[in-house]
1. Does residue 302 satisfy the condition of being in a helix (DSSP H, G or I) and either of a type outside the set (Asp, Glu) or surrounded by fewer than 21 Cβ atoms within 10 Å (Cβ to Cβ) (or both)?
2. Residue by residue through the stretch 146-172, note down the ones that are surrounded by 14 or more Cβ atoms within 10 Å (Cβ to Cβ) and closer than 15 Å to residue 231 by Cα.
3. Filtering the stretch 129-145 down to residues that are surrounded by 10 or more Cβ atoms within 10 Å (Cβ to Cβ) and not aliphatic (A, V, I, L, M), which residue is farthest from residue 163 (Cα to Cα)?
4. Can you name the condition, by its number, that residue 33 falls short on among (1) of a type in the set (A, V, I, L, M); (2) under 29 Å from residue 208 (Cα atoms); (3) crowded, with 20+ Cβ neighbours inside 10 Å?
5. Give me the pairs, please: first residue somewhere in the stretch 247-259 and more than 14 Å from residue 117 (Cα to Cα) and touching a residue at least 24 places away in the same chain (Cβ under 8 Å), second residue anywhere and open to solvent by 10 Å² or more (accessible area, probe 1.4 Å) and charged (D, E, K, R), beta-carbon distance under 6 Å, and either six or more positions apart or on two chains.
6. Scanning for something within 30 Å of residue 302 (Cβ to Cβ) and outside any strand (DSSP E or B), does the stretch 117-135 turn up at least one residue?
7. Within the stretch 88-113, take every residue that is assigned to a loop (DSSP other than H, G, I, E, B) and polar (S, T, N, Q) and give me the one that is most open to solvent (accessible area, probe 1.4 Å).
8. Among (1) in contact with a helix residue (DSSP H, G or I) (Cβ under 6 Å, 6 or more places away or on another chain); (2) part of a loop (DSSP other than H, G, I, E, B); (3) of a type in the set (Lys, Arg), which single condition is residue 165 missing?
Amino acid sequence: MKKPVLVVASQFPKEVEDRIDRGYEARRNPNTAPFSQEQMLAAADGADAIFVTMLDRLDSIFFEKVSPTVRVIATYSVGFEHIDLQGAAKKKIALAYTPGVNHEATADIAMLLLLGASRRAYEAQELVRGAWRPLSPNMLLGWQVGGKVLGIFGMGKIGQAVARRARGFGMKIHYSNGSKLPQNLVGDAIYHEDPRELLRVSQFLSLHAPETPETRHFLNAKSISLLPRGAVVVNTARGGLVVDEDLIAALRSGQVAAAGLDVFAGEPHLHPGYLELKNTFLLPHIGSATVETRVAMGMLALDNIDAVLAGKSAPTLIPQ
């Protein structure tokens with residue numbers, strides 16, 4: 001029996017690659033750089049499905065030109081702002097994503113960023129790898145997290161997982177979300193219907209909301225001014241939640257003492273202002289980068305592709 005043709009836009013963990021080889025005739029991207037649009041369209045000619053990542057931008061022009069044989073596109077991500085949903089709907093192409101499997105790994109990274117930023121880890125690393133000299137008692141003083149208020153903007157699975165971890169460090173949890181959540185999910189966390197009220201009490205602020213028209217540029221000069229002076233900001237959600245110039249200005253002025261960032265607008269490119277600062281702890285979008293999570297994401301993506309091509313109900317399709 002002939003295998004369906006699957007365009008594979010990136011390199012995935014071995015278990016995922018082995019499953020692709022077993023179930024599909026794979027047309028793989030031979031390069032580490034993403035396909036250009038022309039390359040993607042050429043690879044998709046006559047294909048049944050496409051497996052992409054956040055780096056693959058599938059816009060309206062792509063969907064106008066894509067082969068009519070393509071029935072499903074799965075993205076190796078929770079976010080899907082890189083895909084034109086209307087364009088896919090017009091072509092009747094099912095879209096799948098991978099929610100619900102990366103929250104524990106991403107929460108670990110959020111805590112790494114929170115601790116790294118608050119304890120000036122970048123500066124300490126520079127010292128160890130450079131000319132380490134004995135420190136006087138007033139050098140590299142950071143900020144303890146115990147007893148401090150952690151404001152969580154977006155209390156989904158990742159936000160809840162961060163709250164569980166932060167309680168272990170003695171932090172007090174406040175949150176803002178689209179709606180108040182039941183106590184069995186958030187425990188003693190204090191709810192703020194108005195995000196501005198959350199900002200006013202957040203000595204530490206961790207962003208976990210999806211990027212939507214309502215949340216885009218949530219953290220800007222006006223909202224940053226509501227934070228207690230010397231707050232620490234963490235972002236493992238989406239770079240678009242932050243106005244880079246405004247956060248950089250706040251980091252320079254001391255309104256924000258430090259920031260831990262794993263996501264950036266326009267990544268893999270980021271605002272060069274962050275690189276000029278010592279009080280930033282920066283990571284290259286590795287929130288889900290554990291063996292367990294990346295394999296689970298790949299398997300879920302392939303479950304969706306298998307189901308659509310078999311005419312069955314798929315586990316996690318994007319609403320269109």
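1. Details: in a helix (DSSP H, G or I): yes; either of a type outside the set (Asp, Glu) or surrounded by fewer than 21 Cβ atoms within 10 Å (Cβ to Cβ) (or both): yes.
When the stated conditions are applied, residue 302 passes them.
2. Residues satisfying the conditions are 148, 149, 150, 151, 152, 153, 171, 172.
3. Initially, the stretch 129-145 is screened for residues surrounded by 10 or more Cβ atoms within 10 Å (Cβ to Cβ), giving 132, 135, 139-140, 142-145.
Those left that are additionally not aliphatic (A, V, I, L, M): 132, 142-144.
On the way: 132: 35, 142: 21, 143: 19, 144: 17 Å.
Applying the filter and picking the extreme gives 132.
4. (3)
5. 255/229
6. Going residue by residue through the stretch 117-135, those that are within 30 Å of residue 302 (Cβ to Cβ) are none.
No; the residues of the stretch 117-135 include none that is within 30 Å of residue 302 (Cβ to Cβ) and outside any strand (DSSP E or B).
7. So in the stretch 88-113, the residues assigned to a loop (DSSP other than H, G, I, E, B) come out as 91-93, 97-102.
Then drop every residue that is not polar (S, T, N, Q), which leaves 98, 102.
Values: 98: 0, 102: 25 Å².
Among those residues, the one meeting the criterion is 102.
8. (2)
The values are calculated or read from the model by the stated rules, or taken from the named source; none is laboratory data. Predicted, not measured: the structure shown is a model, and the values here were computed from it. Counting neighbours? That spans all protein chains shown, and the Cβs are built from the backbone with ideal geometry, glycine included. With ligands, DNA and RNA removed, areas are computed over all heavy atoms of the protein, side chains included. Shrake-Rupley method; radii C 1.70, N 1.55, O 1.52, S 1.80 Å.
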